[in-house]
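Heads up, the thing below is written out as structure tokens.
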Amino acid sequence: MFAVALPTTGVSLQTRREVTTAATKPQFKGAKKMAHRRPKKTTPADKRHGPAVYPAAPAPPPQYTVLP
């Protein structure tokens, strides 16, 4: 919102921006919509999911082979 301040000393009109400072947690519209529309886990099986468990990687091949 913009408000026009009337000059008191013959100076030209000045504009100042009024900023609302009462918000404690401002949230932008794009971030708010993405958080609202994200896929939510609803079933207990989905909520208990942990990270994927993979088998241990095999040992790497030796770099050099020593021949007698």
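The values are calculated or read from the model by the stated rules, or taken from the named source; none is laboratory data. Please read all numbers here as calculations on a predicted model, not as lab measurements. We place every Cβ from the backbone using ideal geometry, glycine too, and count neighbours over all the protein chains shown.
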Looking at region 29-68 only, could you name the residues that are of a type in the set (D, E, K, R) and either in a loop (DSSP other than H, G, I, E, B) or surrounded by 10 or more Cβ atoms within 10 Å (Cβ to Cβ) (or both)? Lys32, Lys33, Arg38, Lys40, Lys41, Asp46, Arg48
One residue is enough: does region 25-35 have a residue meeting the conditions of a type in the set (Gly, Ala, Ser), more than 34 Å from the chain's Cα centre (by Cα) and at pLDDT below 90? no
